[in-house]
Amino acid sequence: MTVKSSFLECFKIGTGAMETLAQQLDDPAFVTAIEAAVETIAGTSGRLVISGMGKSGIIGRKLVATFASTGTPSLFLHPAEASHGDLGMVRNDDVLLMLSFSGESREMGDILRYGKRFHVPIIAMTARAESTLGKAADILLQLPKVVESCPHNLAPTSSTLIQLALGDALAITLLKRKGFSEEDFFNFHPGGKLGTALMPVSDLMHKGAEIPLAPQTAPISDVLGEISAKGFGIVGLLDDNGDLAGVITDGDVRRYIEGNTDGSMRDVMFGTTGQSIMTTEYTSAQQTQSCAKVLGVLEQNKIGAAFIVENGKPVGLIRMLSLIQAGVA
């Protein structure tokens, strides 16, 4: 067997396992169990405590990271360490999520007995409802019995794949149920490229005296002077209340001058106000929006900069170049 054919066989078996798991959603009892798990986890004032032994434990650690980063406080409890004092991590208001494909990991026994004694809800993820774990569970998420990619059907591969998929689906369903936003996500992911993309645009925008602004009654000469002085190629025009009434770009000024070559320079530059050539339907953003979202807006509208507006008033200016230089792209 070639390397390629071996890989393809593994992928085929894994894909089949995922399809089998998806077909479980046709079972009303399985859907009811999922709904109960979601409501139990969402309704707790404590944390989601995930435990598993061996490969299931490794999947459990990954799921802890996913739940915790998407708004569900979580921790991993190692079954062997639990019996030697770490059960003290579990509180009455927590929820236990136990992973064992066979449902017979001996090391999990003390956790199950502890959960029953102190009325901590137990959610089980196992393929065997008749197993020790399956019988102890308050909520049983029964996994389909799948074939492992291992030729001996021994090394956990397909089984851990569907554990991971089901756990991730639970986490994302909870994320949606809680209305977990991009801004919330940034609070847990401030580092790296992801953190930069989710950073609020207020962290990168130009503020205060840097913002190119002028009264809408200002002559074109003043508008052009503000564009040149601030160097952003755009100026915001304010009405009498200080609200952003419109915007003018250097291109707007250039086209205006080119269209009035038959007039005197004095009339062209001083006889017309910014209000007469400004664009009133402009693209703007809010300072709480993520840098990635604002960059998408700029790219979609094919513009290099936009004003950040709150309650009608300009509080900042963001340039596409600033976002790209910060590593948002």
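Residues are listed down the side, and each one gets a yes or a no for (1) among the aliphatic types (A, V, I, L, M); (2) more than 25 Å from ALA292 (Cβ to Cβ); (3) assigned by TED's automatic domain parsing to the domain that holds SER69:
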{"position": "LYS207", "(1), (2), (3)": "no, no, no"}
{"position": "SER221", "(1), (2), (3)": "no, yes, no"}
{"position": "ILE234", "(1), (2), (3)": "yes, no, no"}
{"position": "VAL247", "(1), (2), (3)": "yes, no, no"}
{"position": "VAL253", "(1), (2), (3)": "yes, yes, no"}
Run down ALA29, ALA33 and say which single residue is assigned to a helix (DSSP H, G or I) and under 27 Å from the mean Cα position of the chain (by Cα).
-> ALA33
Pick out the one residue from THR72, THR44, THR40, THR32 that is of a type in the set (S, T, N, Q), more than 29 Å from ASN153 (Cβ to Cβ), in the same structural domain as ASP168 (by TED's automatic domain parsing) and loosely packed, with under 13 Cβ neighbours inside 10 Å.
-> THR32
Log entry, pairs with first residue in the range 300-320 being more than 12 Å from GLY208 (Cα to Cα) and in contact (Cβ under 8 Å) with a residue 12 or more places away in the chain, second being among the hydroxyl-bearing types (Ser, Thr, Tyr) and in a helix (DSSP H, G or I), beta carbons closer than 7 Å, six or more apart or on different chains, reads none
Matching option when the condition is crowded, with 22+ Cβ neighbours inside 10 Å, under 23 Å from PRO28 (Cα atoms) and in contact (Cβ under 8 Å) with a residue 12 or more places away in the chain, among GLY115, GLY60, GLY103 = GLY103
Residue list for the range 278-329, restricted to those being more than 23 Å from the chain's Cα centre (by Cα), surrounded by 18 or more Cβ atoms within 10 Å (Cβ to Cβ) and not in a strand (DSSP E or B) = MET278, TYR282
Residue check, LEU75 against (1) assigned to a strand (DSSP E or B); (2) closer than 13 Å to THR132 by Cβ, all met but one. Which one?
-> (2)
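Just give me the residues in the range 221-247 being assigned to a loop (DSSP other than H, G, I, E, B) and touching a helix residue (DSSP H, G or I) at 6+ places or on another chain (Cβ under 8 Å), in sequence order. Steps first, please.
Kept after step one, since they are assigned to a loop (DSSP other than H, G, I, E, B), are these residues of the range 221-247: 231-233, 239-243.
Listed by number, the list holds a single entry, GLY233.
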Only one of these conditions is not met by ASP239: (1) at pLDDT below 90; (2) among the acidic types (Asp, Glu); (3) surrounded by 13 or more Cβ atoms within 10 Å (Cβ to Cβ). Which number is it?
-> (1)
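Please verify whether THR160 is surrounded by 17 or more Cβ atoms within 10 Å (Cβ to Cβ), hydroxyl-bearing (Ser, Thr, Tyr) and at pLDDT below 90, treating the condition exactly as stated.
Working: surrounded by 17 or more Cβ atoms within 10 Å (Cβ to Cβ): yes; hydroxyl-bearing (Ser, Thr, Tyr): yes; at pLDDT below 90: no.
No.
Just to be sure before I move on: is THR217 more than 30 Å from VAL328 (Cα to Cα), β-branched (Val, Ile, Thr) and at pLDDT 90 or above in the structure I sent? Even if it seems obvious, please write down each step before you answer.
Numbers: more than 30 Å from VAL328 (Cα to Cα): yes; β-branched (Val, Ile, Thr): yes; at pLDDT 90 or above: yes.
Spelling it out, THR217 is indeed more than 30 Å from VAL328 (Cα to Cα), β-branched (Val, Ile, Thr) and at pLDDT 90 or above.
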Residues of the range 36-67 classified as outside any helix (DSSP H, G or I) and either touching a Lys or Arg at 6+ places or on another chain (Cβ under 7 Å) or within 17 Å of MET89 (Cα to Cα) (or both), total | 9
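The values are calculated or read from the model by the stated rules, or taken from the named source; none is laboratory data. Small disclaimer: the values here were computed from a predicted structure and weren't measured. As a convention, Cβ positions derive from the backbone with ideal geometry for all residues, glycine included, and neighbour counts pool all protein chains shown.
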